[in-house]
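The values are calculated or read from the model by the stated rules, or taken from the named source; none is laboratory data. If you're wondering where the values come from, they're calculated on a predicted model, not measured in any experiment. Cβ coordinates were reconstructed from backbone atoms using ideal geometry, including for glycine residues, and neighbour counts include every protein chain displayed.
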Amino acid sequence: MSDAGWDIALENIPICILDYDGVVHHDAVYYRPSEGIFMSEPGHELFEWSAILAELLEPYPEVKIVLSTSWARMRGYEYAKTALPEPLRSRVIGATFNNRDIQKLDFDFMSRGVQVHWYVRRRGLKRWFAIDDDVDGWPASCEQQFIKTQSHLGLSEENVQEAIRRVLEQL
């Protein structure tokens, strides 16, 4: 169920706003109708670094996940949620894109940072952080909550993992 159907306020729930490509796996991900979504970078696989995030979040069972991946926008929320391996999948409560709240075209014209900031403001989030490899449009007010990954390394980088640990301790 997406957050639009929740009867609880999200403002005090700790939220990880999560991108996929360049975060939980290498960013060389493509879609073809005949193949579906696939990894085009040799030696890499979809969701190869998701276990790292699951391990980092394990001591924090109250942390929920909101998807900011283009998978949710292009393939749909349920598809994007189902693609994410457990135990992360069970933490997912919504996505930054919801066609009941905003037109697809309007959302597509926003940078990733603006999309996330718009969601945070709309939902009144107070305890949140975002993990993304897309640096475009992040407002200065979100700088402390934004954990930047390198597109080809994602969560495999020790400094990214340490940044997540620090944020979780303060969340």
Suppose the filter is at pLDDT below 90 and either hydroxyl-bearing (Ser, Thr, Tyr) or part of a loop (DSSP other than H, G, I, E, B) (or both); does residue 100 pass it? yes
Provide a single number: the residues in the stretch 35-70 that are more than 16 Å from the chain's Cα centre (by Cα), farther than 17 Å from residue 163 by Cβ and not acidic (Asp, Glu). 9
Counting only residues that are of a type in the set (A, V, I, L, M), give me the strands (runs of 3 or more DSSP E) lying completely in the stretch 1-92 with at least 3 of them. 15-18, 64-67
Which residues, taken from the stretch 121-152, are aliphatic (A, V, I, L, M) and over 16 Å from the mean Cα position of the chain (by Cα)? 140
Hits in the stretch 32-53 - residues which are touching a residue at least 12 places away in the same chain (Cβ under 8 Å) and either closer than 14 Å to residue 69 by Cα or among the polar types (S, T, N, Q) (or both): 37, 40, 46, 47, 50
By residue number, the members of the stretch 115-158 that are out of contact with any strand residue (DSSP E or B) (no Cβ under 9 Å at 6 or more places or on another chain), in a helix (DSSP H, G or I), hydrophobic (A, V, I, L, M, F, W, C) and surrounded by 15 or more Cβ atoms within 10 Å (Cβ to Cβ) are 118
